[in-house]
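Reading through the structure tokens given below for one structure.
The values are calculated or read from the model by the stated rules, or taken from the named source; none is laboratory data. Note that this is a predicted model, so its numbers are computed, not measured. Methodologically, a virtual Cβ is constructed for each residue, glycine included, from the backbone with ideal geometry; neighbour enumeration extends over all protein chains shown. Side chains included, ligands, DNA and RNA excluded: accessible areas come from the protein's heavy atoms. Shrake-Rupley method; radii C 1.70, N 1.55, O 1.52, S 1.80 Å.
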Amino acid sequence: MRKIFISLSLVLMAFLSRAQTVESWITTAGGEMLLEKDRPTEFQAKPEGRRVPIVVDSRQTYQSMEGFGFALTGGSAELLMKMTPKARKNILNELFSRDSLGISYIRLTVGASDMNGTVFSYDDMPEGKTDFTLKHFSLANDLGDVVPVMKEILEINPDIKIMASPWSAPAWMKEEYDVRGPKLRRDCYDVYARYFVKYIQEMAKQGIRIDALTIQNEPLNNRNTPSMPWDPQDQTEFIRDYLGPHFLSEDIGTRIILFDHNCDRPDYPLAILSDPEAAMYASGVAFHHYMGDVSAMSQVHSARPDKDIYFTEQMIVDRGGSVSRNIAPNVKRMLIDIPRNWSRNVILWNLAADPEAGPHTGNGGCPFCHGAITIDGDKVSRNIAYYTIAHASAFVPSGSLRIASTAPEDPAMMLSEDEQHPGVIRVNHYDRSNVLPNVAYSTPDGRLVLIVSNTTSAAVTFNIQHNGRYAPFTLESGAVGTYIWK
């Protein structure tokens with residue numbers, strides 16, 4: 001028995017003495033480091049300095065993450081298809097390979113968005129004509145760019161999640177024949193539901209599985225070209241009486257996602273979910289963050305924890321093509337605040353644009369929606385949105401769990417040695433931890449990942465605490481870091 005005890009003690013001592021190394025990947029405000037690996041740091045028995053640590057607790061788990069990525073707009077796909085095959089293959093591998101940026105979620109547009117060179121649907125008819133049988137339905141406008149690009153992406157990452165969002169129904173289905181603004185005709189609810197079914201089925205024939213569908217991009221915005229306003233009462237009827245039943249009868253496995261608009265109107269999806277029959281068909285709620293506070297996502301989660309939360313769009317303007325000055329606030333807003341408010345993904349807006357932020361539609365297209373990358377022929381430059389999403393996508397694969405970590409507003413405590421009695425430990429309590437903004441994950445392969453953003457005007461030294469041990473780091477003002485350990 002004594003020999004067994006001694007053997008176990010030696011094993012335990014060897015385990016405790018084994019160094020646990022933390023990798024650091026840093027982007028600085030001035031662009032001196034762009035997602036570059038810094039020197040590794042080891043956990044140690046005591047913290048450095050007198051400061052509240054960021055405590056990472058992998059035993060407290062929250063939502064499972066489905067992925068991080070961008071919208072593959074028609075304009076993005078058009079620019080990619082104009083590249084030579086070799087150049088296109090190189091940039092797609094960089095963006096979507098798990099050995100590189102690791103983008104794991106893509107948003108497609110059902111028909112044209114405002115980041116297309118021209119406006120189209122999959123069933124356009126001349127004014128005064130209709131097609132209630134969908135005889136003229138065709139993916140033709142996507143077959144030259146979106147579909148072939150998606151096929152190349154799927155060769156690189158067959159498991160990538162794909163969400164689709166419409167900007168407008170075909171003009172002939174609307175109260176006025178106009179792609180910008182008019183509402184869907186009530187007598188077209190049934191044919192529009194079948195239009196979605198047809199889209200999902202035709203994309204599946206191309207080998208592209210649509211995992212989720214939002215009903216309408218920005219249903220409270222009628223200023224884009226194209227666009228279509230839709231109030232929650234009418235959308236409730238559409239989902240309950242038409243779309244949901246058609247998905248059920250056609251055995252469509254695509255999940256139905258509500259809202260797809262700003263954080264200032266959590267009442268919109270909750271109004272739909274208050275109808276039990278409509279709620280039965282809805283899998284989750286999607287948000288943008290051009291208005292309102294991200295806490296709206298937590299409000300919806302609290303009211304309906306049975307429905308998933310998604311984040312489906314945010315444009316990051318890149319004036320001058322430099323990552324400097326803006327990386328820290330963007331990482332805090334997109335990669336830290338959004339997942340901390342229960343989102344299972346983070347999708348930023350346009351994947352690619354040309355040097356003039358095009359192509360885009362006129363009279364309501366976005367003239368300043370820069371891409372994550374800028375494509376000029378075969379030349380590619382990487383913008384702030386690229387590095388923002390990379391700090392998560394390259395290290396947090398699908399299936400990772402968000403786990404607990406100290407937030408700046410959390411109450412905290414810190415152990416310190418009594419000044420008059422060496423060796424005596426005292427506890428100091430704080431109303432706010434005031435640690436740097438951060439979020440933590442546990443990955444399927446057993447790694448822990450912590451993303452930290454220094455939004456202050458000075459360099460900050462901080463300790464990561466895990467299982468009672470500490471790893472010290474310093475982040476320069478405006479810098480962000482992703483920290484990984486087993």
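Computed quantities for the displayed model
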{"read-out": "Rounded accessible area of residue 424 (nearest 10 Å², 1.4 Å probe)", "value": "60"}
{"read-out": "Using a Förster distance of 60 Å, the FRET efficiency for residue 419-residue 151 (Cβ separation, nearest 0.05)", "value": "0.35"}
{"read-out": "Stretchable slack from residue 134 to residue 44, in nm (0.36 nm times residue separation minus alpha-carbon distance)", "value": "25.8 nm"}
{"read-out": "Highest to lowest packing among 46-55, 216-225, 341-350, 99-108, scored as the average C-beta count within 10 Å", "value": "341-350, 99-108, 216-225, 46-55"}
{"read-out": "Partner lysines for residue 135 [C-alpha distance under 22 Å; skip if fewer than 8 residues away on the same chain]", "value": "174, 198, 205"}
{"read-out": "Degrees between helix 146-156 axis and first principal axis of the chain (Cα, 0 to 90, nearest 10)", "value": "30"}
{"read-out": "Per the chain, cysteines lacking a partner by the 4.7 Å Cβ criterion", "value": "188, 263"}
{"read-out": "Spin-label pair residue 206/residue 306, simplified geometry with 7 Å Cα→Cβ offset, distance in nm", "value": "3.6"}
{"read-out": "Point-to-point label distance, residue 187-residue 378, nm (Cα→Cβ direction, 7 Å offset)", "value": "5.6"}
{"read-out": "Long-range amide H partners of residue 174 with built H, under 5 Å", "value": "185"}
{"read-out": "Highest to lowest packing among 69-75, 271-277, 163-169, scored as the average C-beta count within 10 Å", "value": "69-75, 163-169, 271-277"}
{"read-out": "Separation in nanometres of the label points that stand 7 Å from Cα toward Cβ, at residue 427 and residue 81", "value": "6.4"}
{"read-out": "Per residue solvent-accessible surface (Å²) - region 256-333, probe of 1.4 Å", "value": "38"}
{"read-out": "Pairwise centroid distance, computed over Cα atoms, of region 325-351 with region 109-141, Å", "value": "33"}
{"read-out": "Per-residue [θ]222 nm for the chain (sum of -39500 (n - 2.57) over DSSP H runs n ≥ 4, rounded to 500)", "value": "-7000 deg cm²/dmol"}
{"read-out": "Between 0 and 90°, nearest 10: helix 85-96 axis offset from the chain longest Cα axis", "value": "50"}
{"read-out": "Local electrostatic count at residue 296 - Lys and Arg +1, Asp and Glu -1, tallied over other residues with Cβ under 9 Å", "value": "-1"}
{"read-out": "Stretch gain in nm, segment residue 99-residue 57, where the contour uses 0.36 nm per residue and the Cα spacing is subtracted", "value": "12.4 nm"}
{"read-out": "Tensor-based shape of region 364-486 (alpha-carbon gyration tensor, a/c under 1.5 rounded, otherwise prolate or oblate)", "value": "prolate"}
{"read-out": "Prolate/oblate/rounded call for region 165-255, Cα gyration tensor, a/c under 1.5 rounded", "value": "prolate"}
{"read-out": "Tilt relative to the chain, helix 384-393 - C-alpha long axis, 0 to 90 degrees, to 10", "value": "60"}
{"read-out": "Potential lengthening between residue 267 and residue 458 on full extension [0.36 nm per residue; Cα-Cα distance subtracted]", "value": "64.8 nm"}
{"read-out": "Equivalent-ellipsoid semi-axes of the chain, from the Cα gyration tensor, Å, largest first", "value": "45, 25, 21"}
